[in-house]
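Have a look at the structure below, then the notes.
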Amino acid sequence: AGGAQIDLTIQLRQGYVSEGTQGTLIATLTSTNVTGTSTAVSYTLSGAEADAITNYNDLQFRVIFNQV
């Protein structure tokens, strides 16, 4: 409240190892100007996003906070 604007990006990736080896981006969810209040969010993969997954045991979330 009253501070800097923070934007949030959540990526679903397959094969993520590190920032140098990020694997394949499957889906992205972006939220701008997030607050300190928790909010439940749901996301349904599109057919193309689901079809891009070749190994369901190798999925990771990458979370990025960006101060604007």
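The values are calculated or read from the model by the stated rules, or taken from the named source; none is laboratory data. Computed from a predicted structure; not experimentally measured. When we count neighbours, we look across all protein chains shown, and the Cβ atoms used for this are built from the backbone with ideal geometry, even at glycine. These accessible areas exclude ligands, DNA and RNA; they are computed on the full protein's heavy atoms, side chains included. Shrake-Rupley method; radii C 1.70, N 1.55, O 1.52, S 1.80 Å.
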Within region 10-33, of all residues that are touching an Asp or Glu at 6+ places or on another chain (Cβ under 7 Å) and not polar (S, T, N, Q), the one surrounded by the most Cβ atoms within 10 Å (Cβ to Cβ) is I26
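Take the conditions open to solvent by less than 60 Å² (accessible area, probe 1.4 Å) and either outside any strand (DSSP E or B) or in contact (Cβ under 8 Å) with a residue 60 or more places away in the chain (or both) and apply them to A50. Does it pass?
Values: open to solvent by less than 60 Å² (accessible area, probe 1.4 Å): yes; either outside any strand (DSSP E or B) or in contact (Cβ under 8 Å) with a residue 60 or more places away in the chain (or both): yes.
Judged against the criteria, A50 is a match.
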Of the residues in region 53-68 that are more than 16 Å from Y16 (Cα to Cα), outside any loop (DSSP other than H, G, I, E, B) and not aromatic (F, W, Y), the one that is modelled with the highest pLDDT is N66
